[in-house]
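All remarks here apply to the structure that follows.
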């Protein structure tokens, strides 16, 4: 039976996860797959926890969403979001995790604590984890807003598409004036994921 | 031309409008329907606008249809409540050029205040309703809706849900059809709905429903997919996709594209050929109730929930008792609710409202976030405009607390339905204080223009409506303006207006920090040595400020430089940098 590949992207509203899902959607369509990308707009974008889904298949993709235990790849833009959404990753899936921490309001107000050692705990369970400081790498590339492309760079090392294919897709999705920064961000992400 | 693209459901509806030769689109923004109108505005061939509210949008589009054009309006489910008045009578008048109403429901309430099911409106107003499952169908059904509208002389609904509106799938594009304007001929018996004429129109509406139900039995919009006949599934929209994901060809499907009216014989024929019949529908048991009323034995809401959104996971668990193996994380994961953005102009105001311990009747917009910790300065949120009118009623029966109670409403929401409430305050003399939060944009839905911003949907500069003048015109004598980042001035203004013995409006004015024109050109940081750890700066609930090693700290990646925190610090520890 032909199966569907599921990529889930989890981040904090405003981090650019929507663009990441669109790049991955465009990548899959460029290879002739059937594709569905599901996004979240509106209220939850205001600094809330945001997830988007990219599903592709050489057969028809039915559902636009990814459920618990279905994601082949989980791209997390923030540590706490990795903890929140890890249930969605298949037991043998790959977690690409930005080690950046963004404190949610209950932590800022002191009503809750930000857990320590999230990535280590997840690794200890035997999950394949690619962790990287995407924020610093994005800054090194020239813009802290390029975190999304750094993570796509890390993903590119493990996905079924070639580095060149992913790169070409970024070129087609990113406005020309930000292209140089984003290609550098992609390269840094790719090289740091081993 | 035939081109394939990955299109958002809402973009596909807009493409359908373009291809169907639609000339006129008027809407009010509302998640998850907003982008339909934004994408429609990108076609030069379509006149597209933001109306002040859904009722106005609906009526303008109906006017355009009566004039002979193909016309469209989009709204979210609760927007349809606002447009319900013309809706029911438009069913009687019918159309001239085709008239299609896009309505987007929000199961799970990703961005809404209730979870109402719009299909009830189609039944109540006796109008056909189509429901697409993916972007291809969004495009095709929109075109089909115009055909149906003109064939049966009726407004037609296209109903979306969040997952269809905000999912992208591959869609084939075609050229625009050249649909000429229909002639306009005066026809009072059809378009003047006085009792004498309406009495004659009602039987026509009833016959139309029968005719469309008959058409539904042969329409390609409804289809049967035979698979294993031990399980039959009746579904539409996103529910069909989830069912398909779970059952594949191990079930047979009656996939309904026309969800109103339903054809009883078609449902019976399908039911008779399968062993076990499920009706899989999100929200209310509309199809299930119809089946049962027609003697069709089926399983629906006895197993599946009325509340929330479906998924393949939910259907596999509830119908097949199947669950995936999952990874787990045992630690406590704090929730991450949406918050006011760094630099949000509402922050300073809500800090003052909390400080003064006021009762605050709220409204629909970004400022609804003022109800969350640490600001927690809201008492109510009901619907568009209910802050202002609610305040009037609240104050009438509690005169002893008029100096402790205010309404907050945004600029766009004020134009939508705040003016009528304010007129009630002025006319019936309640000593009410209304705060209009003018951030120069419709914020929560993702930055749409409105009558106060000076630009149209197509970015044509226009004379903005002056909120001050509107307030004065309805009879409010005390109208003043204040900058919410000037906390002292804001506090003074609120205290003075609450103390006044007559109605007043304070326009709390500062642009949304996300607007491109807003650039503070600096950031702020904390000088740790000067910080006395008093936590006063934490009271404004800025996501950029946190406590690290006992001192306040500002995240430079989040700070936009609004400077509100600087005014909070009594020790000069927060300083401008760059």
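Readers should treat all values here as calculations from the given coordinates under stated rules, not as data from a laboratory. Small disclaimer: the values here were computed from a predicted structure and weren't measured. Here Cβ is always computed from backbone atoms with ideal geometry, including for glycine, and neighbour counts include all displayed protein chains.
Just to confirm my numbers, what's the Cα centroid distance between the range B:189-230 and the range B:397-432 in Å?
43
Peptide A:79-90: average number of partner chain Cβ atoms within 10 Å per residue?
4
Could you compute the FRET efficiency for residue B:427 and residue A:162, with r as their C-beta to C-beta distance and R0 at 41 Å, rounded to 0.05?
0.05
Restricting things to Cα coordinates, could you compute the convex hull volume per residue of chain B in Å³?
191
Using alpha carbon centroids, what distance separates the range A:119-155 and the range B:103-151, in Å?
41
Peptides A:93-106, B:516-529: what's the order by average Cβ count within 10 Å, highest mean first?
Answer by packing, highest mean first, reads A:93-106, B:516-529.
Stokes-Einstein diffusion coefficient for the range B:125-187 at 37 °C in a medium of 0.692 mPa s, Rh from the Kirkwood formula over Cα pairs: what value in µm²/s?
D, rounded to a whole number, is 244 µm²/s.
What relative contact order, as a whole-number percentage, does chain B give when Cα pairs under 8 Å and 6 or more residues apart are counted?
This gives 11 percent for chain B.
Restricting to the protein assembly as shown, what percent of DSSP beta bridges are antiparallel, rounded to 5?
Working: 37 of 101 bridges.
If I count the DSSP bridges inside the protein assembly as shown, around 35 percent turn out antiparallel.
Where a ≥ b ≥ c are the square roots of the eigenvalues of the C-alpha gyration tensor, would you call the range B:278-368 rounded, which needs a/c under 1.5, or, failing that, prolate if a/b is larger than b/c, or oblate?
oblate
With a point put 7 Å past each Cα toward its Cβ, work out how far residue B:226 is from residue B:553 in nm, to one decimal.
Each label point lies 7 Å from its Cα, and together they span 6.8 nm.
May I ask you to work out the translational diffusion coefficient for the range A:1-80 at 37 °C, viscosity 0.692 mPa s, via Stokes-Einstein with Rh from the Kirkwood sum over Cα pairs, reported in whole µm²/s?
For these conditions, the coefficient is 256 µm²/s.
Going from the alpha-carbon gyration tensor of the range B:3-218, what semi-axes, largest first and in whole Å, does one get by taking the root of 5 times each eigenvalue?
Gyration-tensor ellipsoid for the range B:3-218: 25, 19, 16 Å.
Take every residue in peptide B:366-378, count the Cβ atoms of other chains within 10 Å of its Cβ, and give the average of those counts.
2
Under 1.5 on a/c is rounded, so check that first for the range B:457-525, then, if it is not, pick prolate when a/b is larger than b/c and oblate when it is not; a ≥ b ≥ c are the square roots of the alpha carbon gyration tensor eigenvalues.
Since a/c reaches 1.5 but b/c is at least a/b, the shape of the range B:457-525 is classed as oblate.
When the chain is fully extended, how far beyond the present Cα-Cα distance does residue B:576 get from residue B:120, taking 0.36 nm per residue of separation?
158.6 nm
According to a simple spin-label model (label point 7 Å from Cα along Cα-to-Cβ), what is the distance in nm between residue B:88 and residue B:299?
3.9
Does the protein assembly as shown come out rounded, prolate or oblate by the C-alpha gyration tensor, with a ≥ b ≥ c the root eigenvalues, rounded set by a/c under 1.5 and, if not, prolate when a/b is larger than b/c and oblate if not?
Oblate, because a/c is 1.5 or more while a/b does not exceed b/c.
Between residue A:58 and residue A:87, what length in nm is gained on full extension when 0.36 nm per residue of separation is reduced by their alpha carbon distance?
7.9 nm
Kirkwood Rh over alpha-carbon pairs of the range B:513-578, then Stokes-Einstein at 20 °C and 1.002 mPa s: what D in µm² s⁻¹, rounded to an integer?
179
Tell me the mean residue ellipticity at 222 nm calculated for the protein assembly as shown from its helices only (DSSP H runs of n ≥ 4, each -39500 (n - 2.57), averaged over every residue, nearest 500).
One gets -10500 deg cm²/dmol as the mean residue ellipticity at 222 nm.
Would you mind telling me the antiparallel percentage of the DSSP bridges in chain A, rounded to 5?
50
Assuming R0 = 51 Å, can you tell me the calculated FRET efficiency for the pair residue B:357 and residue A:179, based on Cβ-Cβ distance, to the nearest 0.05? If you can, show how the numbers build up before the last one.
Details: r = 53 Å, r/R0 = 1.03.
Once rounded, the FRET efficiency stands at 0.45.
For an R0 of 45 angstrom, estimate the FRET efficiency from the Cβ-Cβ distance between residue B:488 and residue B:459 and round to the nearest 0.05.
For R0 = 45 Å, the calculated efficiency reads 0.75.
Of all DSSP beta bridges in the range B:346-509, what percent run antiparallel (nearest 5)?
Percentage antiparallel, nearest 5: 10.
At a 10 angstrom cut-off on C-beta neighbours, averaged per residue, how do the peptides B:95-103, B:18-26 rank from highest to lowest? Please report the intermediate quantities before stating the final value.
Values: B:95-103: 27.6, B:18-26: 24.2.
Output ranking for B:95-103, B:18-26: B:95-103, B:18-26.
With a 10 Å radius around each residue's Cβ, average the other Cβ atoms per peptide and rank B:472-484, B:303-315, highest first.
Highest-to-lowest ranking by the protection proxy: B:303-315, B:472-484.
Using alpha-carbon positions, what is the distance between the centroids of the range B:36-68 and the range B:498-547, in Å?
38
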